[in-house]
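Just below is one structure, and these are the notes that go with it.
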Amino acid sequence: MAAPLKILQYPHKALREPTHQVTDFNDALRQHVQQMLSLMYEDQAVGLASTQVGLTYRLFVVDVSPQQNQPECFINPEIIESCGTKLYEEGCASFPGLYAKVLRADTITVQYYDEFGEKKTQKANGLAANCIQHELDHVNGILFIDRLSKLKKMMMLKKYEKLNRVTDE
Ligand code: NI
């Protein structure tokens with residue numbers, strides 16, 4: 001049984017850790033996927049990326065369904081097409097209490113593998129597209145506040161410090 005995972009909060013350095021491609025689609029990987037889904041649902045989040053739980057795979061999980069009963073797992077994800085732009089209000093499990101409008105592509109096509117190593121392609125728009133881009137950023141060590149203007153980012157971090165007692169680990 002894999003060691004229990006937990007959601008790490010900014011400014012934990014794991015959030016900026018480089019990630020690597022998954023090459024072995026084994027039981028340990030699938031256990032991590034299950035644990036990440038449980039944590040995501042517990043947190044009532046719509047997505048959770050490996051770096052947020054201290055893992056270094058290129059992997060994230062998502063569920064944007066209204067009933068939160070359609071778990072999806074994206075491994076070695078790559079956006080192969082994107083079009084349009086849209087401002088979406090985003091939050092992040094690693095930034096409790098913080099929300100900001102982020103400009104992202106409106107429609108995307110993402111190529112990825114599922115937890116059994118099967119290659120898949122999905123076209124997404126709206127919340128799903130937004131969520132996938134947010135989570136893929138995490139896998140690349142990019143946080144949603146990095147997508148804001150310098151001034152806005154500074155203001156958000158000040159607000160975050162007020163909301164949460166930030167400790168550097
Ligand atoms: Ni996030």
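Structural remarks
- 3J(HN,Hα) along the stretch 36-42, derived from phi through the Karplus expression 6.51 cos²θ - 1.76 cosθ + 1.60 where θ = phi - 60°, amounts to 5, 5, 4, 5, 4, 5, 4 Hz, with x in place of Gly and Pro.
- Once C-alpha pairs closer than 8 Å and six or more residues apart are averaged by separation and normalised to the residue number of the stretch 13-168, the relative contact order reads 23 percent.
- Accessible surface calculations at 1.4 Å, restricted to protein heavy atoms, place the chain at 55 Å² per residue.
- Linear extension gain, Asn26 paired with Lys159, 0.36 nm per residue minus alpha-carbon span: 43.7 nm
- Selected from Ala49, Leu37, Tyr112, residue furthest toward positive end of dipole (the chain; charges at beta carbon): Ala49
- Calculated SAXS-style log₁₀ I(q)/I(0) at q = 0.15 Å⁻¹ - the chain, Debye, Cα scatterers: -0.82
- Rounded percent of accessible protein surface that carbon and sulfur make up, the stretch 29-153, 1.4 Å probe: 46 percent
- In summary, the aspartates and glutamates within cross-link reach of Lys6, defined as a Cα separation below 13 angstrom excluding same-chain residues under 8 places away, comprise Glu42, Asp43.
- Relative to the Cα centre, the charge distribution of the chain, modelled as +1 at Lys and Arg Cβ and -1 at Asp and Glu Cβ, gives a dipole magnitude of about 820 debye.
- Using a Förster distance of 25 Å, the FRET efficiency for Ser38-Lys123 (Cβ separation, nearest 0.05): 0.35
- Amide H contacts under 5 Å for Asp106, placed H, 5+ residues apart: Cys83, Gly84, Thr85, Lys86
- Considering only Gln21, Gln70, Gln52, the mean-square fluctuation computed in a Gaussian network model of the chain, springs between alpha carbons under 10 angstrom, is largest for Gln70.
- For Glu90, residues with placed amide H under 5 Å, excluding near neighbours: Ala100, Lys101, Val102
The values are calculated or read from the model by the stated rules, or taken from the named source; none is laboratory data. Please read all numbers here as calculations on a predicted model, not as lab measurements. Quick reminder, even Gly has a Cβ in these numbers, built from the backbone with ideal geometry, and neighbours come from all protein chains shown. Areas reflect the complete protein model, heavy atoms only, side chains present, ligands, DNA and RNA absent. Shrake-Rupley method; radii C 1.70, N 1.55, O 1.52, S 1.80 Å.
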